[in-house]
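These notes concern the structure reproduced below.
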Amino acid sequence: MQATENAIRQVVQEVLSQLSNSAGTNGSAAPQRNGHQTNTWGVFTDVDTAVTAAQQAFEQLSESSIEKRRIAIDIVKSICEEQADELGRLELEETKIGRLDHKIAKLKLVRSIPGIDFLRSDIASGDRGVTITEYAPFGVIGAITPVTHSLPTLAGNFVNMVAGGNTIVVNPHPAGAKIASEGVRRFNKAIYEATGLLNLVTIIGTPTIESAQAIFDHRGVRVAVVTGGPAVARAALKSPKRAIVAGPGNPPVVVDETADIDNAGSSIVTGAAFDNNLLCIAEKEVFAVSSVFEPLMNSVSHHGGFRLNAQQTARLTSLAFAPPKEPGGHHVLNRDFIGRDASWLAGQIGINVPDETQILFGETDEHNPFVPEEQMMPFVPFVRVSDVDTAIAMAKKYEHGFGHTAIIHSTNVKTITKMGRVMDTTVFVQNGPCTAGLGIGGEGFPSFSIATPTGEGVTSPMTFTRQRRSATADGLRVI
Ligand code: NAD
């Protein structure tokens, strides 16, 4: 096993070093297919051509070996890891949201995403013979990816989906399409050089909502996998095609009187500050019981939070949100504020905070729009409540039934159990930062696509397979 892994790493290293010595991503000889030059390395302008290329790639992959899938996946992981500084910087320059250190960390995390080793077969063996359940690919998967983690989501999807034997056509978010396309070019070129497999992932270089819809509707696409906000989640759920939807969240945090307050403050800052609160699992609002409210606020300050007073909080709120367009509607999030640094947000309300400030935070009531809305910026509202039952009820209300993520800081097992049951979320974290739910500061494997309304959970290679059963009657049981 170790020998195989070392051999694969060696092949990957050789290919990557040859590529870095060549004239760049457009410099090497392009493969020929059906007499046509296909030197776009998987980047296409129209959906039909991209799907056709992904279909051809699926046929090629199906005739290939699992070992070649493993090599392809290791190439993607190695590019993400070794070129993380450059690719992370390109992603930040294009999207203009988040933090460079965390853009880099997210690309390096792709190494931990489960691949081939996660695949399994199941067997039933008894008096009447042997029945094997195997997990087969779907074929071409249409993936819609968000701007919040453009290349990491694409790369993470690649690892899971190609491990399952699928190929992919991607509609990236338009504001993160250049970095996603650059990743696709680098992946495909290196994979072709190492394995001869071409276009395992294709992408629409100039994506639109129409091209996303065309992918949903295309006969050649077997499954749509959507990672994004409410509009695209709704569009996917309406599609007649099988959809796996990693939808929006608004993760609440409850802190009760039994919590380790220092750990709670530190964890909230760590989770909410990550990539300037762009993570869908990140702490978005806190409900803390009054007896520990002030110690908690002090702990957050101590761990890199900057506390705003009531006037400053009101001013930031008025800039970050416009009033609802109709009575009872949603406040309208100012997209210019998404993913900006805490110091930039502070500057908008005329205050200077140290550059190293991780988050801004302040006391609000439950009706402040920062509580119900998914703000995706490093300001966290803290709501003071009389008791933990009220806190859990508010957490339930403001999670909106997304069923995404909830967090509690408590040492009372009964309270933790109660919240877990009430929230009914896909990810439920206790006594750590949100990232513990994805294996960072906790156990388990990571993914950039957490399938919430459709129920597949934290996605893995098995998510992107379909079961096939093979039964041998009265035979092959060798014991
Ligand atoms: P977004 O919804 O604006 O965009 C996501 C993708 O959907 C983009 O490719 C976009 O072009 C496309 N899109 C948007 N509206 C569409 C429509 N009506 N029809 C077809 N396609 C459409 O989201 P974003 O700002 O890029 O990402 C942030 C959102 O994604 C947040 O709500 C966050 O919670 C969610 N998210 C969820 C997960 C998860 O694993 N559950 C992971 C990351 C992000």
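The values are calculated or read from the model by the stated rules, or taken from the named source; none is laboratory data. On a predicted model such as this, the values are computed, not experimentally measured, just so you know. Positions of Cβ are backbone-derived with ideal geometry, glycine not excepted, and every protein chain shown enters the neighbour counts. Areas reflect the complete protein model, heavy atoms only, side chains present, ligands, DNA and RNA absent. Shrake-Rupley method; radii C 1.70, N 1.55, O 1.52, S 1.80 Å.
Compute the convex hull volume of the Cα atoms of region 209-310, divide it by the residue count, and report the result per residue in Å³ as a whole number.
Convex hull volume per residue, Cα atoms: 142 Å³.
Could you give the nm distance between label points at Gln311 and Ile351, where each point is 7 Å from its Cα heading toward the beta carbon?
Once both label points are built, they end up 1.1 nm from each other.
Among 89-98, 138-147, how do they line up from the highest to the lowest mean number of other beta-carbon atoms within 10 Å?
Packing proxy ranking, top to bottom: 138-147, 89-98.
Name all residues of region 108-125 having a backbone nitrogen under 11 Å from the label point set 7 Å from the Cα of Ile479 along its Cα→Cβ direction, giving them as ranges.
In region 108-125, the label zone of Ile479 (backbone N under 11 Å from the point 7 Å along Cα→Cβ) covers 125.
Taking just the alpha-carbon atoms of region 112-249, what radius of gyration and Dmax come out, in angstrom?
That works out to 16.6, 59 Å for Rg and Dmax.
To the nearest 20 Debye, how big is the dipole of the chain about its Cα centre, given +1 on the beta carbon of each Lys and Arg and -1 on that of each Asp and Glu?
1240
Pop the C-beta distance of Ser65 and Thr417 into the FRET formula with R0 = 60 Å and round what comes out to the nearest 0.05.
Efficiency computed from Cβ-Cβ geometry: 0.80.
Over the chain, with the other protein chains present, what is the accessible area per residue in square angstrom, probe 1.4 angstrom?
Value for the chain: 42 Å² per residue.
Using a Debye calculation, one point per C-alpha and no hydration shell, please list log10 I(q)/I(0) for region 285-360 at q = 0.17, 0.19, 0.24 Å⁻¹ in order.
-0.78, -0.92, -1.17
What is the log10 of I(q)/I(0) for region 69-110, computed with the Debye formula using one identical point scatterer on each Cα and no solvent, at q = 0.14, 0.19, 0.22, 0.28 Å⁻¹?
-0.31, -0.51, -0.63, -0.86
Can you report the principal axis dimensions of region 349-479 using only the alpha carbons, biggest first, rounded to whole angstrom?
Principal-axis extents of region 349-479 (Cα, largest first): 77, 36, 25 Å.
Please give the calculated 222 nm ellipticity per residue for the chain, where each DSSP H segment of at least 4 residues contributes -39500 (n - 2.57) and the sum is spread over every residue; nearest 500 deg cm²/dmol?
Dividing the helical sum by the residues of the chain leaves -13000 deg cm²/dmol.
Sort Glu285, Glu366, Glu294 by heavy-atom solvent-accessible area, probe 1.4 angstrom, most to least.
Result, largest first: Glu294, Glu366, Glu285.
Where the Cα atoms of region 143-212 are projected onto their three principal axes, how long is each span, largest first, in whole Å?
Cα extents, longest axis first: 33, 21, 20 Å.
Assuming 0.36 nm per residue, please report the length gained on full extension of the stretch Met462 to Lys96 beyond their Cα-Cα distance.
Taking Met462 through Lys96 to full extension adds about 128.4 nm, to one decimal.
Pop out the Kirkwood hydrodynamic radius of region 259-392 from its pairwise C-alpha distances, inverse of mean 1/r, in Å to one decimal.
14.8
Rounded, prolate or oblate: which fits region 353-419 when a ≥ b ≥ c are the square roots of the eigenvalues of the alpha-carbon gyration tensor, with rounded for a/c under 1.5 and prolate only if a/b beats b/c?
Because a/c hits 1.5 or more and a/b exceeds b/c, region 353-419 counts as prolate.
Of Ser470, Ser449, which has the most accessible area and how do the rest follow, probe 1.4 Å?
Ser470, Ser449
Compute the long axis of helix 84-95 from its Cα atoms, compare it with the longest principal axis of the Cα atoms of the chain, and write down the angle in degrees, 0 to 90, nearest 10.
Around 60 degrees separate the two axes.
When averaged across all projection directions, what area in nm² does the alpha-carbon convex hull of the chain cover?
26.0
Under 1.5 on a/c is rounded, so check that first for region 85-172, then, if it is not, pick prolate when a/b is larger than b/c and oblate when it is not; a ≥ b ≥ c are the square roots of the alpha carbon gyration tensor eigenvalues.
prolate
Of the heavy-atom accessible surface of the chain (probe 1.4 angstrom), what whole percent is carbon and sulfur?
Carbon with sulfur: 51 percent of the solvent-accessible area.
Working from the pairwise distances between different alpha carbons, so that the mean of 1/r is found and then inverted, what is region 30-137's Kirkwood radius in Å?
17.6
For Glu82 and Arg234, what is the calculated FRET efficiency with R₀ set at 35 Å and r taken between the beta-carbons, to the nearest 0.05?
0.35
How large is the translational diffusion coefficient of region 256-321 in µm² per second when you combine the Kirkwood radius over alpha carbon pairs with Stokes-Einstein at 37 °C and 0.692 mPa s?
Rounded to a whole number, D works out at 256 µm²/s.
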